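In what follows, a structure is listed as structure tokens, so that the remarks can point back to it.
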Amino acid sequence: MAINFFDSHAHYYDDRFYGEENPQGAEKLLEELFADGLLGVINVGTNHRSNLRAIEQAKKYPLMYVAAGIHPEDVASTDIGVEGELAELYALLENREKREENKMVALGEIGLDYYWEPYDRDQQIYCFEAQMEMARKLDLPVVIHDREAHGDSFDVVCKYPEVRGVFHSYSGSAEMAKELIKRGWYISFSGVVSFKNAAKIKEVAKIVPDDRILIETDAPYLAPHPFRGKINHSGRLFYTATALAEASGRSVEDVARLTRENTKRLFGI
Ligand SMILES: [Zn+2]
């Protein structure tokens, strides 16, 4: 089956792609996926080390692009400290030519995660705001991670009205999605939309307009039904797209076309 999708968010450098769940390794898998018609991937870093891995990997595939950022879960555990991470990130992003050479199209993923306890709310907000400021200065779109932190995430993005981007694997309410859409944001759907208990996200799918809808794997995470809990990859986007099509009253073909066009527009590809 051809994979006529643009995967707007994945982590193909992740160790899981080199472990027993995928003994062939990420490279063999990606070769197969692109040969099957995968239309593009944004390979998303989460700290300085994984940002570099994402860049190296993307150089091997013409249709793979990179987002680099400091994930809220990585803020507490980084061995170079938050200031070290921010300095390395800025060094990667500041020069436009170098950015283009590295196929870096966005700053992310960044945001807030209050799911895993304990977390340092002040430190997460500090790092998130510093990266929003960087995105404003460099005029880059952002990829937002918001888990169990909807109110604070919304407040932070509203402080930077010039910055645009996507809420990846969106998990907030339909009301908040409406407010974000009004402010120019995109909403991305992952395999979660195919889960039986995903009533809230299916409601969101109904209200997101044609020009703001994105699709993603978040591979190796968030595999759609019937692969829930297994390793995820872009070859499984069809299942997510089918659930998204059903929930939103669109055809699978329209979901594929709209999400591809929107991803390219948002990231300037
Ligand atoms: Zn992710």
field: Total charge dipole magnitude, the chain, about the Cα centre, Cβ charges on Lys, Arg, Asp, Glu only, Debye to nearest 20
entry: 940 debye
- line: Of all GluC sites (Glu not before Pro) in region 1-45, the ones in DSSP coil with at most 12 other Cβ atoms within 10 Å are 20, 21
- request: Could you let me know the centre-to-centre spacing of region 189-251 and region 90-117, using Cα atoms, in angstrom?
  value: 24 Å
statement: With a Förster distance of 35 angstrom and the Cβ-Cβ distance between residue 15 and residue 129, calculated FRET efficiency to the nearest 0.05 equals 0.70
- line: Going from the fewest other Cβ atoms within 10 Å to the most, one would list 170, 221 as 221, 170
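At a Förster distance of 25 Å, what's the computed FRET efficiency of residue 261 paired with residue 116, Cβ-Cβ distance as r, to 0.05?
Between residue 261 and residue 116 the formula returns 0.10.
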message: On a 24 Å Cα-Cα criterion, which of the cross-link pairs 178/202; 59/137; 159/202; 60/202; 137/182; 103/206 come out too long?
response: 59/137; 159/202; 60/202; 103/206
query: Which GluC sites (Glu not before Pro) from region 126-185 combine a DSSP loop assignment with at most 16 other Cβ atoms within 10 Å?
result: 148, 162
statement: Between residue 147 and residue 83, the two model label points (7 Å from Cα along the beta-carbon direction) sit apart by a distance in nm of 2.9 nm
- prompt: Taking region 65-164, which trypsin sites (Lys or Arg not before Pro) meet the DSSP loop condition and have no more than 15 other C-beta atoms within 10 Å?
  reply: 159
message: Under a crude label model (7 Å from the Cα following the beta-carbon direction), how far is residue 101 from residue 59 in nanometres?
response: 1.0 nm
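How much length is gained if the chain between residue 28 and residue 242 is pulled fully straight, taking 0.36 nm per residue apart and subtracting their Cα-Cα distance, in nm to one decimal?
74.4 nm
No value in this document is a laboratory result; all are computed from the given coordinates. Bear in mind the structure is a predicted one, so any value in this text is a computation, not a measurement. With ideal geometry, Cβ positions are generated from the backbone for all residues, glycine too; neighbour counts draw on all protein chains shown.
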